[in-house]
1. Normalising by the residue count of the stretch 27-111, find the relative contact order in percent from Cα pairs under 8 Å and 6+ residues apart.
2. Using only Cα atoms, tell me the angle between helix 2-50 and the longest principal axis of the chain; keep it within 0 to 90° and round to the nearest 10.
3. Rounded to the nearest 500 deg cm²/dmol, what is the calculated helix-only ellipticity per residue at 222 nm for the chain, with -39500 (n - 2.57) per DSSP H run of length n ≥ 4?
4. Just read off the accessible area of Arg100 with the full protein assembly in place, 1.4 Å probe, to the nearest 10 Å².
5. Counting only chymotrypsin sites (Phe, Trp or Tyr not before Pro) that are in a DSSP loop and have at most 11 other C-beta atoms within 10 Å, tell me the longest site-free stretch of the chain.
6. Hey, if you put +1 on the Cβ of every Lys and Arg and -1 on every Asp and Glu Cβ in the chain, which of Met71, Leu18, Gly45 ends up farthest toward the positive end of that dipole?
7. So, with +1 on the Cβ of K and R and -1 on the Cβ of D and E, and no other charges, what is the size of the charge dipole of the chain about its Cα centre, to the nearest 20 debye?
8. Taking 30 Å as R0, compute the FRET efficiency from the Cβ-Cβ separation of Lys65 and Ile92 and round it to 0.05.
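The values are calculated or read from the model by the stated rules, or taken from the named source; none is laboratory data. In this text the structure is predicted, and so the values were computed from the model without any measurement. All Cβ positions, glycine included, derive from the backbone under ideal geometry; neighbour counts span all protein chains shown. Side chains are part of the model used for accessible areas, which takes the heavy atoms of the whole protein and leaves out ligands, DNA and RNA. Shrake-Rupley method; radii C 1.70, N 1.55, O 1.52, S 1.80 Å.
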Amino acid sequence: MANKRTLTSSRWLWLFVLVLALGGAAWFAWGEGLRRTSEAGTAYGAHVACSCRYVSGRSLSDCSKDKLEGMELVMLSEDPAEKSVTASIPLIASETATYREGYGCVLKEWEG
């Protein structure tokens, strides 16, 4: 009985290692593109939501309805004191747009 339990545990360990290796290989192959696409998506989301919130005067929950198809992972949060909106995809990308009088909503400068 103990030998069977050890064999089963060993299989789960190898399965875990295999999944980790495949995940690492996938991130190596597509991670940079995913990160850059996520940065563009969060920048777009932050700019549109900031304009909706501080130019149009709508609530942030109402502005969330304006997200395009495919932006379901983008989460929005606001800082009323700074008049800014941050769009983020957890653990991948985050961008902030801030309202500036006379300029509208402006993204922070990207570091390329």
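1. 32 percent
2. 10 degrees
3. -17000 deg cm²/dmol
4. 120 Å²
5. Longest run free of exposed loop sites: 1-102.
6. Result: Leu18, furthest along the dipole toward the positive end.
7. Here the chain has a charge dipole of around 680 debye.
8. Plugging the Cβ-Cβ distance into 1/(1 + (r/R0)^6) gives 0.85.
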